[in-house]
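**Student:** One structure coming up, written as structure tokens, with questions to follow.
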Number of protein chains: 2
Amino acid sequence: MSGYNVAIVGATGAVGARMIKMVEQTSLPVNSVKLLASSRSAGKQLQFNGQALTVEETVPESFEGIDLALFSAGGSVSKKFAPEAVKRGAVVVDNTSAFRMDPKIPLVVPEVNPEALKLHHGIVANPNCSTIQMVVALEPVRKAFGLKRVIVSTYQAVGGAGNRALKELHDETEAYLKGEEMEAHILPVAGDKKHYPIAFNALPQIDVFEEDGYTHEEWKMIHETKKIMCGGDMDSKDIKVTATCVRIPVPVSHSESVYFEVEDPKATVKGIQDALAAAPGVVLQDDPDNQIYPQAHNAEGSKDTFVGRVRPDQETPQAFHMWNVSDNLLKGAAWNSVQIAETMDKMGLLHVQ
Amino acid sequence: MSGYNVAIVGATGAVGARMIKMVEQTSLPVNSVKLLASSRSAGKQLQFNGQALTVEETVPESFEGIDLALFSAGGSVSKKFAPEAVKRGAVVVDNTSAFRMDPKIPLVVPEVNPEALKLHHGIVANPNCSTIQMVVALEPVRKAFGLKRVIVSTYQAVGGAGNRALKELHDETEAYLKGEEMEAHILPVAGDKKHYPIAFNALPQIDVFEEDGYTHEEWKMIHETKKIMCGGDMDSKDIKVTATCVRIPVPVSHSESVYFEVEDPKATVKGIQDALAAAPGVVLQDDPDNQIYPQAHNAEGSKDTFVGRVRPDQETPQAFHMWNVSDNLLKGAAWNSVQIAETMDKMGLLHVQ
């Protein structure tokens, strides 16, 4: 077997940089790597396995001979070019929201619903970062005890909004320390009307607002969780999900405070911890006596989802709380995308043309 | 009427500095102000209304002739000296956890349970910062629609852990920007075994852990809320309350993501917003179309509690979400203490000796 020809679309972005790393580390046989971006970034040189690669402008012909295309360059780029890649025989793993809610396109977290990959028609959608780490932490609970209900409040990192947002956090922080005015041009949402400082602040807006008062990020957590955990049904009533999504001044790694109710009245903290400790992709960090719990600062650079602070609700039966943390640019984006490809390879769903 | 002789115990701390400001601004007639602290801080000079006052060491005799003593110097100082102040005829408003759970001592937020002040025997307890702003935001809801249940996740400021913690956030932030190692000596809890950086991090530990896996801060939010909102009963089952308390790298102003269930099936978002807009101490900032919602960055320096992002839970009847923000050192501490004294004055419960 000669190995896959891989294209990374959006290679110069915050997620793109991690996609390059994840492809360097992948167990997949890789024959060649092509780095694609907008015309603005074309000509830049980036390292892949110690070798300089020149970033090329994305055009339909970029995908000739490509077996696997990893997209993370915004929804409009995916909508335009993912079908072009598929037409040329590539499998697309798309890390934008372009196709996530399409009922014919699998939305996959390999630890949770790998079987959905069998239904793909060329495109597989990678879920939203905050959704992925939550379902990785909840799936072992669902398997062991059933899952009825989830209420999550997030503590999301700035890196989720890209490199420009990271620079804004840095610049605002420097200005604040010097006693200067903080200038906001990107967050909470680059395309929205108003911008607010994130440094030394907490912003209860991620993505734009829907008409019902929820943000689109919250909408994504609710409906993507249902699609992933409830057999593809984004409006399933089997698991009730609601979310409050908040940006905090952390560069990388999202944290989540998750309240959940289970079906099994015999569920215990110990039983949940055991299920988590045995689960793929999960690292249990739960020892309050020794102040061991997941922290954003420690999760950066890891592919795992860290879970701790598992405890019972004291007044509601079958209800518990947990705190989960994961690198939003790895498990939340680049790693989950490459892991989807590795899983498809193992399942015989990815082929050298 | 000649005015009150006021003592501020813990005058050199983060809350003490705000207590001085609040006494400068109070509507109470003030005859004299005495600044007290530990022997370490005695001799320091602090400004009160443009006049330099010398900080004195706290001893029992400090309270001779004092009518009102505001304490914020740690629980052990309050336990030692509050009874001495009361013995000498002062009313004590104590901003530590020393007396909060004593069933004979009122725990008061003036917007919520001023009537409890009538039961005082010299000491009134000021609740925990994160509790105060939540009950200010929930009381109008309770009055209008009844309140059955609360699930809160907090985004708490570093200033709540005092001036040393604020300096630690500053120093860690500078180190991080220079690419140096961050050194943690104070947070999450000065007296606990391990310390972790707060800069660019989120710490799911505030105060020490209880045996049940909850932190003491979470315990306080649960039981203080019940005591304030349920007629003094800290174990009331009338309102179910649970909490996850998290420190984030914000200097001042706590934010809270609050899920709540009401009794009245006719409750609406509009009805809740109207109740909040009309409530004392609350400023409604809730206009998603114009990206208006409360932010820590804007709340600093205000006595109010800002509430926004009021929206219905989409799958659970009579359930809603809100986001509230307040200056934890003012409404959460110094202002609530002085406001208690102003309320007692109006109720005829505070007297010049």
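**Student:** I need the full set of residues from region A:234-281 which are farther than 30 Å from B:VAL158 by Cβ, touching a helix residue (DSSP H, G or I) at 6+ places or on another chain (Cβ under 8 Å) and assigned to a strand (DSSP E or B), in order please.
**Tutor:** Result: A:VAL241, single match.
**Student:** Would you say B:GLN273 is within 12 Å of another protein chain (Cβ to nearest Cβ) and either closer than 30 Å to A:GLY308 by Cβ or out of contact with any strand residue (DSSP E or B) (no Cβ under 7 Å at 6 or more places or on another chain) (or both)? Break it down into steps so the answer makes sense when it comes.
**Tutor:** On the way: within 12 Å of another protein chain (Cβ to nearest Cβ): yes; either closer than 30 Å to A:GLY308 by Cβ or out of contact with any strand residue (DSSP E or B) (no Cβ under 7 Å at 6 or more places or on another chain) (or both): no.
In short, no.
**Student:** If a residue counts only when it is more than 23 Å from A:SER302 (Cα to Cα) and touching a residue at least 40 places away in the same chain (Cβ under 8 Å), which strands (runs of 3 or more DSSP E) contained entirely in region A:1-90 have at least 1 such residues? So that I can check it myself, show each step before the final result.
**Tutor:** Values: elements: A:4-9, A:30-37, A:45-48, A:51-54, A:68-71.
Hits in region A:1-90: A:4-9, A:30-37, A:68-71.
**Student:** Now, a different point. Looking at (1) outside the structural domain of B:GLU210 (by TED's automatic domain parsing); (2) in a loop (DSSP other than H, G, I, E, B), can you tell me which one B:GLU342 breaks?
**Tutor:** Unmet for B:GLU342, out of (1) outside the structural domain of B:GLU210 (by TED's automatic domain parsing); (2) in a loop (DSSP other than H, G, I, E, B): (2).
**Student:** B:LYS346 fails exactly one of the following numbered conditions: (1) more than 8 Å from chain A (Cβ to nearest Cβ); (2) free of Cβ contacts under 8 Å to residues at least 40 places away in the same chain; (3) closer than 30 Å to A:ASP235 by Cα. What is the number of that condition?
**Tutor:** Here B:LYS346 clears every test but (3).
**Student:** Quickly run through region A:94-116 and pick out the residues that are touching a residue at least 12 places away in the same chain (Cβ under 8 Å) and either touching a Phe, Trp or Tyr at 6+ places or on another chain (Cβ under 9 Å) or not in a loop (DSSP other than H, G, I, E, B) (or both). Walk me through it before giving the result.
**Tutor:** Start the filter on region A:94-116 by keeping residues that are touching a residue at least 12 places away in the same chain (Cβ under 8 Å), which leaves A:94-114, A:116.
A:ASP94, A:ASN95, A:THR96, A:ALA98, A:ILE105, A:LEU107, A:PRO114, A:ALA116 - these are the residues of region A:94-116 that are touching a residue at least 12 places away in the same chain (Cβ under 8 Å) and either touching a Phe, Trp or Tyr at 6+ places or on another chain (Cβ under 9 Å) or not in a loop (DSSP other than H, G, I, E, B) (or both).
**Student:** Name the residue that is surrounded by the fewest Cβ atoms within 10 Å (Cβ to Cβ), counting only residues in region B:325-348 that are among the hydroxyl-bearing types (Ser, Thr, Tyr) and more than 16 Å from B:GLY3 (Cα to Cα). Explain how you work it out, then say what you get.
**Tutor:** At the first step, the residues of region B:325-348 found to be among the hydroxyl-bearing types (Ser, Thr, Tyr) are B:326, B:337, B:343.
Restricting the remaining residues to those that are more than 16 Å from B:GLY3 (Cα to Cα) gives B:326, B:337.
Working: B:SER326: 36, B:SER337: 27.
The residue in question is B:SER337.
**Student:** Let me ask something else about it. For A:LYS167, all conditions in the list (1) within 10 Å of chain B (Cβ to nearest Cβ); (2) assigned to a helix (DSSP H, G or I) hold save one; what is the number of the exception?
**Tutor:** With (1) within 10 Å of chain B (Cβ to nearest Cβ); (2) assigned to a helix (DSSP H, G or I) applied to A:LYS167, the lone miss is (1).
**Student:** What do you reckon, is B:PRO197 within 14 Å of chain A (Cβ to nearest Cβ), part of a loop (DSSP other than H, G, I, E, B), in contact with a helix residue (DSSP H, G or I) (Cβ under 8 Å, 6 or more places away or on another chain) and not charged (D, E, K, R)?
**Tutor:** yes
**Student:** Name the single residue, out of those in region A:288-301 being within 23 Å of A:ARG142 (Cβ to Cβ) and outside any helix (DSSP H, G or I), that is nearest to the other protein chains (Cβ to nearest Cβ).
**Tutor:** My answer is A:TYR293.
**Student:** Only one of these is surrounded by 21 or more Cβ atoms within 10 Å (Cβ to Cβ) and in contact (Cβ under 8 Å) with a residue 12 or more places away in the chain: B:GLN295, B:GLN285, B:GLN273. Name it. Before the answer, list the steps.
**Tutor:** Details: B:GLN285 fails: surrounded by 21 or more Cβ atoms within 10 Å (Cβ to Cβ); B:GLN273 fails: surrounded by 21 or more Cβ atoms within 10 Å (Cβ to Cβ).
Exactly one of B:GLN295, B:GLN285, B:GLN273 is surrounded by 21 or more Cβ atoms within 10 Å (Cβ to Cβ) and in contact (Cβ under 8 Å) with a residue 12 or more places away in the chain, namely B:GLN295.
**Student:** Another question, if that's okay. Can you work out which of the residues in region A:303-320 that are in contact with a strand residue (DSSP E or B) (Cβ under 8 Å, 6 or more places away or on another chain) and more than 9 Å from chain B (Cβ to nearest Cβ) is surrounded by the fewest Cβ atoms within 10 Å (Cβ to Cβ)? Break it down into steps so the answer makes sense when it comes.
**Tutor:** Looking only at region A:303-320, we keep the residues that are in contact with a strand residue (DSSP E or B) (Cβ under 8 Å, 6 or more places away or on another chain), and these are A:304-316, A:318-320.
Now restrict to residues that are more than 9 Å from chain B (Cβ to nearest Cβ): A:304-307, A:318, A:320.
Values: A:ASP304: 20, A:THR305: 28, A:PHE306: 26, A:VAL307: 31, A:GLN318: 18, A:PHE320: 20.
Out of the qualifying residues, it is A:GLN318.
**Student:** Yes or no: A:GLU183 farther than 15 Å from B:THR173 by Cβ, of a type in the set (Asp, Glu), without any contact (Cβ under 8 Å) to a residue 40 or more places away in the chain and not in a loop (DSSP other than H, G, I, E, B)? Steps first, answer last, please.
**Tutor:** Details: farther than 15 Å from B:THR173 by Cβ: yes; of a type in the set (Asp, Glu): yes; without any contact (Cβ under 8 Å) to a residue 40 or more places away in the chain: yes; not in a loop (DSSP other than H, G, I, E, B): no.
Considered against the rule, which asks whether it is farther than 15 Å from B:THR173 by Cβ, of a type in the set (Asp, Glu), without any contact (Cβ under 8 Å) to a residue 40 or more places away in the chain and not in a loop (DSSP other than H, G, I, E, B), A:GLU183 comes out as no.
**Student:** Checking the condition surrounded by 17 or more Cβ atoms within 10 Å (Cβ to Cβ) and touching a helix residue (DSSP H, G or I) at 6+ places or on another chain (Cβ under 7 Å), which residue from B:ILE8, B:ILE20 passes?
**Tutor:** B:ILE8
**Student:** Name the residue, out of A:GLY160, A:GLY146, that is buried (at least 23 other Cβ atoms within 10 Å of the Cβ) and of a type in the set (Gly, Ala, Ser). If you could, list the steps in order and put the result at the bottom.
**Tutor:** Details: A:GLY146 fails: buried (at least 23 other Cβ atoms within 10 Å of the Cβ).
Exactly one residue qualifies, and that residue is A:GLY160.
**Student:** Among residues belonging to region B:201-228 that are under 27 Å from A:ALA199 (Cβ atoms) and in contact with a His (Cβ under 7 Å, 6 or more places away or on another chain), point out the one that is surrounded by the fewest Cβ atoms within 10 Å (Cβ to Cβ).
**Tutor:** Filtering first and then ranking leaves B:ASP207.
**Student:** Quick test for you: out of B:MET134, B:MET182, pick the one residue that is farther than 27 Å from B:ALA73 by Cα and of a type in the set (A, V, I, L, M, F, W, C). Quick ask: steps written out before the conclusion?
**Tutor:** Values: B:MET134 fails: farther than 27 Å from B:ALA73 by Cα.
Being farther than 27 Å from B:ALA73 by Cα and of a type in the set (A, V, I, L, M, F, W, C) holds for just one of B:MET134, B:MET182, which is B:MET182.
**Student:** Now for a different question. Can you go through A:PRO140, A:PRO188, A:PRO127 and tell me which one is closer than 30 Å to A:LEU350 by Cα, modelled with pLDDT of 95 or more and in a loop (DSSP other than H, G, I, E, B)? Spell out the reasoning first.
**Tutor:** On the way: A:PRO140 fails: in a loop (DSSP other than H, G, I, E, B); A:PRO188 fails: closer than 30 Å to A:LEU350 by Cα.
On inspection, the qualifying residue turns out to be A:PRO127.
The values are calculated or read from the model by the stated rules, or taken from the named source; none is laboratory data. Source: prediction; values computed, not measured. Using ideal geometry, Cβ is built from the backbone for each residue, glycine included, and neighbour counts are taken over all protein chains shown.
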